[in-house]
Amino acid sequence: MADERDRRDEERDESRGEDRDTIRATARGSAPVPLSVLDLATVGSGLTATQALRTTTELARLAERRGFHRFWVAEHHSMPGVASSSPAVILAHVAAHTERIRLGSGGVMLPNHAPLVIAEQFGTLEALAPGRIDLGLGRAPGTDGATAAALRRTERLREGADEFPQQLAELTRFLDDDFPDGHRYARIHAVPGPVQGTVPGGVQSADRPSVWLLGSSGFSARLAGQLGLPFSFAHHFSAANTVPALDLYRESFRPSAVLDRPYASIGVSAFAAEDEKQAHRQVLTGALSMIRLRTGRPGLVPSPEEAEAHEFSEIERDFVNSWLANVVYGTPDEVHEGLDDLVKRTGADELKITTTAHGREARLRSYELIADAYGLPDAPA
């Protein structure tokens with residue numbers, strides 16, 4: 001038994017060395033770093049979740065065609081304007097409609113789920129789309145406290161976040177199927193997974209999802225660095241913490257079987273349109289959505305007409321100005337310049353572009369314009 005486990009450990013370490021090719025990407029066109037997509041399957045007023053999810057699928061196909069490196073979806077709950085409550089389900093659907101682009105979660109909120117369940121879900125995704133799956137993990141609930149309690153069946157929410165390192169270690173062992181002899185889970189296996197290659201007649205791919213840590217503060221930045229994992233920071237809603245968190249990640253980094261040096265991406269809210277006025281009309285919808293969310297009134301993404309007609313209070317106007325200061329928007333050239341400047345200021349290794357706008361056409365067109373601005377390839381579908 002020990003010899004078999006040693007052989008599997010050696011094979012796992014070899015396959016993890018290959019993970020560097022699945023984590024690091026090559027910039028395309030004139031982009032300073034690889035460009036990727038983070039999608040929330042946002043639902044606009046007058047539209048349905050079905051339409052929003054169809055747009056998500058269309059966006060994934062566009063991202064693949066235009067040379068974006070990854071397509072990630074986020075986990076959120078109890079928000080009428082966000083249809084991405086089940087990332088694994090969405091990713092399975094998107095996997096069936098794409099062929100090459102890497103797919104992942106940005107992220108799955110680990111304290112909301114049993115580690116074994118996540119290992120099974122993402123092991124299944126890896127089996128459906130071999131070599132294409134990223135598992136981004138966060139420690140926040142992705143919702144308000146009451147909803148988090150309903151998800152976790154407990155009121156001890158802080159306890160779940162504090163146990164994140166232990167939950168991560170457990171999840172990783174399920175993914176690698178390497179609990180030590182005598183551990184209470186040593187005879188439990190995440191399937192699909194490595195155990196299928198150890199039974200008589202079994203053949204199992206060495207691929208397994210690439211694990212990332214996500215964060216909007218220093219906790220996950222430090223942990224990702226200490227474990228030698230890739231890190232993705234939520235610049236799009238925590239811009240003031242971006243540079244300190246990335247500095248902490250790099251300072252804490254210890255080489256691992258996964259990475260020999262740090263690799264950090266950041267999520268950035270960006271929107272491009274043919275003219276600056278049109279772009280401003282769309283990003284204002286996202287700002288109004290955020291105001292409603294943060295004042296306990298979450299709803300659908302308003303139309304540009306609704307956002308323009310809204311009578312903003314002085315406090316709301318200050319919030320809008322502050323929020324939009326961290327959104328890169330305007331003409332394609334302006335967005336190009338803004339994203340380039342962001343890379344220079346942060347030293348990010350990859351940008352994950354997210355867009356909150358009303359309706360299918362505006363969102364898809366924005367990504368096409370950004371791809372055009374950087375001269376990304378336009379491969380046949």
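Assess whether Phe68 counts as being aromatic (Phe, Trp, Tyr), part of a loop (DSSP other than H, G, I, E, B) and under 22 Å from Arg24 (Cα atoms).
The answer is yes for Phe68.
Go through segment 300-310 residue by residue and tally those that are over 26 Å from the mean Cα position of the chain (by Cα) and surrounded by 13 or more Cβ atoms within 10 Å (Cβ to Cβ).
Looking only at that region, the number is 5.
Only one of these is hydroxyl-bearing (Ser, Thr, Tyr), open to solvent by 50 Å² or more (accessible area, probe 1.4 Å) and either within 23 Å of Thr50 (Cα to Cα) or over 14 Å from the mean Cα position of the chain (by Cα) (or both): Ser105, Ser86. Name it.
Result: Ser86 is the single residue among Ser105, Ser86 that is hydroxyl-bearing (Ser, Thr, Tyr), open to solvent by 50 Å² or more (accessible area, probe 1.4 Å) and either within 23 Å of Thr50 (Cα to Cα) or over 14 Å from the mean Cα position of the chain (by Cα) (or both).
Just need a number here: residues in segment 87-103 that are in contact with a strand residue (DSSP E or B) (Cβ under 9 Å, 6 or more places away or on another chain) and either farther than 17 Å from Pro192 by Cβ or in a loop (DSSP other than H, G, I, E, B) (or both).
Within segment 87-103, residues that are in contact with a strand residue (DSSP E or B) (Cβ under 9 Å, 6 or more places away or on another chain) and either farther than 17 Å from Pro192 by Cβ or in a loop (DSSP other than H, G, I, E, B) (or both) number 6.
Quick check on my filter: what residues within segment 133-150 are within 14 Å of the chain's Cα centre (by Cα) and either under 20 Å from Phe219 (Cβ atoms) or not β-branched (Val, Ile, Thr) (or both)?
Those that are within 14 Å of the chain's Cα centre (by Cα) and either under 20 Å from Phe219 (Cβ atoms) or not β-branched (Val, Ile, Thr) (or both): Asp134, Leu135, Gly136, Leu137, Gly138, Arg139, Ala140, Gly142.
Which condition does Glu75 not pass, out of (1) in contact with a helix residue (DSSP H, G or I) (Cβ under 9 Å, 6 or more places away or on another chain); (2) part of a helix (DSSP H, G or I); (3) acidic (Asp, Glu), if it passes all the others?
(2)
Considering only residues of segment 130-150 that are of a type in the set (D, E, K, R) and within 13 Å of Leu214 (Cβ to Cβ), which is modelled with the highest pLDDT?
Ranking the candidates gives Asp134 first.
Would you tally the residues in segment 33-54 being in a loop (DSSP other than H, G, I, E, B) and in contact (Cβ under 8 Å) with a residue 24 or more places away in the chain?
Matching residues across segment 33-54 total 8.
If I ask for residues that are at pLDDT 70 or above and under 23 Å from Ala234 (Cα atoms), which ones from segment 151-171 would you list?
Leu151, Asp162, Glu163, Phe164, Pro165, Gln166, Gln167, Leu168, Ala169, Leu171 - these are the residues of segment 151-171 that are at pLDDT 70 or above and under 23 Å from Ala234 (Cα atoms).
Within segment 311-344, which residues are outside any helix (DSSP H, G or I), open to solvent by less than 50 Å² (accessible area, probe 1.4 Å), of a type outside the set (S, T, N, Q) and out of contact with any Ser or Thr (no Cβ under 6 Å at 6 or more places or on another chain)?
Hits for segment 311-344 are Phe312, Val328, Gly330.
In segment 116-136, which residues are open to solvent by less than 10 Å² (accessible area, probe 1.4 Å) and in a loop (DSSP other than H, G, I, E, B)?
Ala129
Which residue is farthest from Leu62 (Cα to Cα), if the candidates are limited to segment 359-381 and must be open to solvent by 40 Å² or more (accessible area, probe 1.4 Å) and in a loop (DSSP other than H, G, I, E, B)?
Gly375
Which of the residues spanning segment 50-79 are on the phi < 0 side of the Ramachandran plot and among the hydroxyl-bearing types (Ser, Thr, Tyr)?
Thr50, Thr55, Thr56, Thr57
The values are calculated or read from the model by the stated rules, or taken from the named source; none is laboratory data. Quick caveat, the model's predicted, so the values are computed rather than measured. Ideal geometry is used to build each Cβ from the backbone, glycine not excepted, and the neighbour counts take in all protein chains shown. With ligands, DNA and RNA removed, areas are computed over all heavy atoms of the protein, side chains included. Shrake-Rupley method; radii C 1.70, N 1.55, O 1.52, S 1.80 Å.
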